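First up is the structure itself, then whatever we jot down about it.
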Amino acid sequence: MGDIKNDWKNMVHDKHSQIPLYEETVRFKAWKFLWYLIAGMSLFTMGFPYLLVFLISRAGENSEPVPWMILLLVASGANILVLLLLGTATLKIQVTSITVTVSSLPFYKKTFLRNELQSFKVITFNSLMDYGGFGVRIVPGGVACVLGGKKGIELRRTNGRFVIVESERVDELRSSLLQAGITETK
């Protein structure tokens, strides 16, 4: 009888076992929230420094106020950075007969062998309320990869930890996980 760990390694390198059963790319969906966030950040990043400049310039006659153009550039740069990070966020899911890969580059990429996954279940969630935001979220007991959707899969690992993955095509993802031999729980 062969070593199970080596058998899995050999299967991973076998091209036939790596044919995708399912592939999906999920894009950021919470644009309304993003615009509210940018408006709030604009008010804070532009309004608060002006208040500080006003207070500093009144504090002493010899103090020099901060040029308003520098404050405006810093505030605009912060807003553009948030827009770029959230607006271009993607989550990729790939299921093969022996692996499940979840990636949200450059922050997270993990490939799980089938023997590392105990089970999965279909879940519904609210990204803000349940996980505190969007993107790769470290939560007690695991990781949540969410971009503003409402449905996904919770992959339960054999070590007791979990990975929550948002999906726009939950039924297809569920079917491919079953086809790969991963047990569904309710």
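The values are calculated or read from the model by the stated rules, or taken from the named source; none is laboratory data. Given the structure is predicted, the values throughout are model-derived calculations rather than measurements. Here the Cβ is made from the backbone with ideal geometry for all residues, glycine too, and neighbour counts use every protein chain on show. Ligands, DNA and RNA are stripped out before the accessible areas are found, and what is left, the full protein with its side chains, is counted by its heavy atoms. Shrake-Rupley method; radii C 1.70, N 1.55, O 1.52, S 1.80 Å.
Can you run down the residue pairs with Cβ atoms below 6 Å, 6 or more apart or on separate chains, where the first is in region 168-186 and among the aromatic types (Phe, Trp, Tyr) and the partner is part of a loop (DSSP other than H, G, I, E, B)?
From region 168-186, no pairs qualify.
Determine whether PRO49 is in a loop (DSSP other than H, G, I, E, B) and modelled with pLDDT under 75.
Spelling it out, it is not the case that PRO49 is in a loop (DSSP other than H, G, I, E, B) and modelled with pLDDT under 75.
Mind listing just one residue for me: the one in region 122-143 that is assigned to a strand (DSSP E or B) and modelled with pLDDT under 95 and, of those, nearest to LYS186 (Cα to Cα)?
VAL139
Just need a number here: residues in region 141-178 that are polar (S, T, N, Q) and loosely packed, with under 13 Cβ neighbours inside 10 Å.
Number of matching residues: 2.
Name the single residue, out of those in region 85-125 being within 16 Å of the chain's Cα centre (by Cα) and farther than 25 Å from LYS150 by Cβ, that is most open to solvent (accessible area, probe 1.4 Å).
My answer is PRO106.
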